[in-house]
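Engineer: This is the structure I want to talk about, given as structure tokens.
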Amino acid sequence: MESPERRQEVSTVTLGIIGTGMVGAGVARRAVDAGLDVILSNSRGPRTLAGLVSELGRQARAATVAEAARESDLVLASLPLAARERLPRAELAGKTVIDPMNYAPKPGWRIPELDSDELTSSELVQRHLAGARVVKALHNIGPKQVLELFRPAGAPDRTALPLSGDDPAAKKEVQDLLDILGFDAVDLGSLADSWRSGPNTPLYAFPYVGQPPSGLTVHELVAWVQAAPGVPVSAARVKELAAVTVRGPAGFEM
């Protein structure tokens, strides 16, 4: 639990969340606990978020997607990648947008520019949000682990998360947010370099949960990762894994 002093220190920061699935709701819980004000939004409208807002308490409120984008200091766009074009360009112009989306192709839906490695998924998001500053982060760790692995600054077992982006000031904003949430950050470079912590890389998911049991089906593996206890990962380990990563196929099949 964060101290009252810590809560007061960060109470002026407002985090907007577009999309309230597992990732969005998980980050919202951690953010409120860390003292942030949170504006929640989804495609179905504010009324559908009454239960989550009630659970989170007075530091959370629901709004339309446009309102959440316009009224927040930073915005987490926790939509499926296929829905990226629903993000409101005008309201997000000038904002720092955190992109936790990953490419998961499926029958009937693929993105040739990602399959050919012409772009990373975050470059695709940045292309849609031309007036915003996109930073890839919170994409390679599950919400359960976010809620378990946070630690105070300087703790010997503090976990580090990778981030990538093209704007240094925006990356600093996200680094500061991750620090408030209880995590160190490791800068992996530009959005073009963000593949280094995406699906099919050593930095994706498994460092934060450990080695899964053998013989699991894909769906069993996903369920195991979502439910596994968090394993701390140091900044040095993140850098080590990023350095040895070789680019493979884009995205993962579900």
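The values are calculated or read from the model by the stated rules, or taken from the named source; none is laboratory data. Note that this is a predicted model, so its numbers are computed, not measured. Cβ atoms come from the backbone with ideal geometry, glycine included; neighbour counts cover every protein chain shown. What goes into the accessible areas is simple: the full protein's heavy atoms, side chains included, and nothing from ligands, DNA or RNA. Shrake-Rupley method; radii C 1.70, N 1.55, O 1.52, S 1.80 Å.
Engineer: Return one whole number: the accessible area per residue of the range 43-165 in Å², for a 1.4 Å probe.
Structural biologist: Computed with neighbouring chains in place, this is 45 Å² per residue.
Engineer: Using a Gaussian network model on the chain with a 10 Å cutoff between Cα atoms, which of Gln211, Gln226, Gln145 fluctuates the most?
Structural biologist: Comparing Gln211, Gln226, Gln145 in the GNM, the peak value goes to Gln211.
Engineer: Still on this structure, I have one more. Can you compute the helix-only [θ] at 222 nm over the chain? Use -39500 (n - 2.57) per DSSP H run of at least 4 residues, normalise by all residues, nearest 500 deg cm²/dmol.
Structural biologist: -9500 deg cm²/dmol
Engineer: Here is a follow-up. Equivalent ellipsoid semi-axes for the range 72-210, as square roots of 5 times the alpha carbon gyration tensor eigenvalues: give them largest first, rounded to whole Å.
Structural biologist: 24, 19, 13
Engineer: Taking the chain as a Gaussian network, Cα atoms linked when under 10 Å apart, which of Phe150, Phe183, Phe206 shows the biggest mean-square fluctuation?
Structural biologist: Phe206
Engineer: Roughly to the nearest percent, how much of the accessible area of the chain is carbon and sulfur, given a 1.4 Å probe?
Structural biologist: Whole-percent figure for carbon plus sulfur exposure: 55.
Engineer: Please give every one of the lysines within straight-line cross-link reach of Lys171, meaning a C-alpha to C-alpha distance under 30 Å, and leave out same-chain neighbours fewer than 8 residues apart.
Structural biologist: Lys171 reaches Lys95, Lys136, Lys144, Lys239.
Engineer: If you don't mind, there's one more thing I want to ask. Once the Cβ-Cβ distance between Ser190 and Arg151 is put in as r, and R0 is 35 Å, what FRET efficiency do you end up with, to the nearest 0.05?
Structural biologist: Using R0 = 35 Å, I get an efficiency of 0.80.
Engineer: Among all helices in the chain defined by DSSP H, which have a length of 18 Å or more along the axis from Cα atoms plus a Kyte-Doolittle mean of at least -1.0?
Structural biologist: 168-181
Engineer: I would also like to ask the following. Report the extension gain between Arg58 and Glu71 in nm, rounded to one decimal, defined as 0.36 nm multiplied by the number of residues separating them, less their alpha carbon distance.
Structural biologist: That pair, Arg58 and Glu71, stretches by 3.0 nm at full extension.
Engineer: Asp73: net charge of surrounding residues, Cβ under 12 Å, Lys/Arg +1, Asp/Glu -1, itself excluded?
Structural biologist: -2
Engineer: Tell me the label-point distance for the pair Trp224, Lys239, using the 7 Å Cα-to-Cβ offset, in nm and rounded to one decimal.
Structural biologist: So the two model labels end up 3.2 nm from each other.
Engineer: Then there is this: As an exercise, take the mean of 1/r over every pair of distinct alpha carbons in the chain, invert it, and state the Kirkwood radius in angstroms.
Structural biologist: Over the chain, the inverse of the mean reciprocal pair distance is 18.3 Å.
Engineer: Pop a pseudo-label 7 angstrom from the Cα along the beta-carbon direction at both Lys106 and Ala90 and give the gap in nm to one decimal.
Structural biologist: Those two pseudo-labels are separated by 3.2 nm.
Engineer: If you count the DSSP beta bridges with both ends in the chain, what percent of them are antiparallel, to the nearest 5?
Structural biologist: Given both bridge residues lie in the chain, the antiparallel proportion sits at roughly 10 percent.
Engineer: With all protein chains present and a 1.4 Å probe, how do Val233, Val13 order by accessible area, largest first?
Structural biologist: Result of the area sort, largest leading: Val13, Val233.
Engineer: Could you state the orientation-averaged shadow area of the convex hull built on the Cα atoms of the range 1-118, in nm² to one decimal?
Structural biologist: Quarter of the Cα hull surface area: 8.7 nm².
Engineer: Tally Lys and Arg at +1 and Asp and Glu at -1 over the other residues with C-beta under 12 Å from the C-beta of Val233: what net charge comes out?
Structural biologist: With Lys, Arg at +1 and Asp, Glu at -1, the net is +1.
Engineer: Let me understand the range 118-167 better: what is its radius of gyration from the alpha carbons, and its Dmax, in angstrom?
Structural biologist: Gyration radius and largest Cα-Cα distance of the range 118-167: 14.2, 40 Å.
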